[in-house]
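**Student:** Sharing a structure with you now.
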Amino acid sequence: MKQLLEPEEFGVWLNGFLPSGIGRLAEPPTVADHADPKQSHLDGLCLSRAWCLAGLGLPEAAARNLAAALPHVAGGDYAGEHWLASFAVLALAEPP
């Protein structure tokens, strides 16, 4: 929506879509075992959130999510590292 609407229209839309603010959606989830194939998806969620939060103009929240997941992109376990890099590239790129 940010790419479709003018900045002031986007602000109105976002406040209507998230009337209580971004809240817990901006906080990285807790991952107990990064080697667990199911839990490693939470690292991907952090990277995806980092990308989206940066695009929404929330750099602090984006940085928290990036910091939570980036250490597990390489040098970790195959459960995550074979696919997390694609999400890390998006998260590290300039927001649209």
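None of the figures in this text is laboratory data; all of them are computed from the coordinates on show. Values in this document were obtained by computation on a predicted structure and should not be read as measured data. A quick note on method: Cβ atoms are made from the backbone with ideal geometry, for glycine too, and the neighbour counts reach across all protein chains shown.
**Student:** Could you order the peptides 26-35, 41-50, 54-63 from most to least packed, using the average number of other C-beta atoms within 10 Å per residue? Please report the intermediate quantities before stating the final value.
**Tutor:** On the way: 26-35: 14.1, 41-50: 22.6, 54-63: 16.6.
Result, highest mean first: 41-50, 54-63, 26-35.
**Student:** Next up: If you build a Gaussian network model of the chain, linking Cα atoms that sit under 10 Å apart, which residue out of 53, 66, 14 swings the most?
**Tutor:** 14
**Student:** With everything on Cα atoms, drop me the angle between helix 7-17 and the longest principal axis of the chain, reported from 0 to 90° to the nearest 10.
**Tutor:** That works out to roughly 70 degrees.
**Student:** Nothing charged except the Cβ atoms of Lys and Arg (+1) and of Asp and Glu (-1): what's the magnitude of the dipole of the chain about its Cα centre? Round to the nearest 20 debye.
**Tutor:** 120 debye
**Student:** Placing +1 on the Cβ of each Lys and Arg and -1 on the Cβ of each Asp and Glu in the chain, which of 31, 92, 47 has its Cα farthest towards the positive end of the resulting dipole?
**Tutor:** 31
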